[in-house]
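Undergrad: Quick one: structure below, then a few questions.
Values in this text are rule-based calculations from the coordinates and carry no lab data. What you are looking at is a predicted structure, and each value in this text was computed from that prediction instead of being measured. Neighbour counts are summed over all protein chains in view; Cβ atoms, including those assigned to glycine, are modelled from backbone coordinates with ideal geometry.
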Amino acid sequence: MGISPITGNLYIADVSNNRIVEIDQSGNQVKVFGGATLYDGLALNTPQTVTVSDTGELYVSDVGNHRLVVIDEDDTASSTFNTITISTPLGVA
């Protein structure tokens, strides 16, 4: 779970549904990354942790795909760190 320092929105790793859910400060669902509605083709598999940087980038530990995914402030999966084997990336600090 992470909170954006820019918007104050909450990002939750919904592990069973293979997605990240963004919730605004009023409790409304704003956006979904991954899951059944693939956002920009982003397919997540058992995302465990989501952390938000000072600039609004999301860092997602995508355990089932053995990678770390970075979603930039424009909501694009700008990087996936899967060129090295990450056996079980459970946390992102």
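Undergrad: Between K31 and I6, what is the spin-label point distance in nm, taking each point 7 Å from the Cα along the Cα→C-beta axis?
TA: Between K31 and I6, the label points sit 0.8 nm apart.
Undergrad: Counting Lys +1, Arg +1, Asp -1, Glu -1, what net charge surrounds V21 among other residues with beta carbon under 9 Å of its beta carbon?
TA: Neighbour charge sum, excluding V21 itself: 0.
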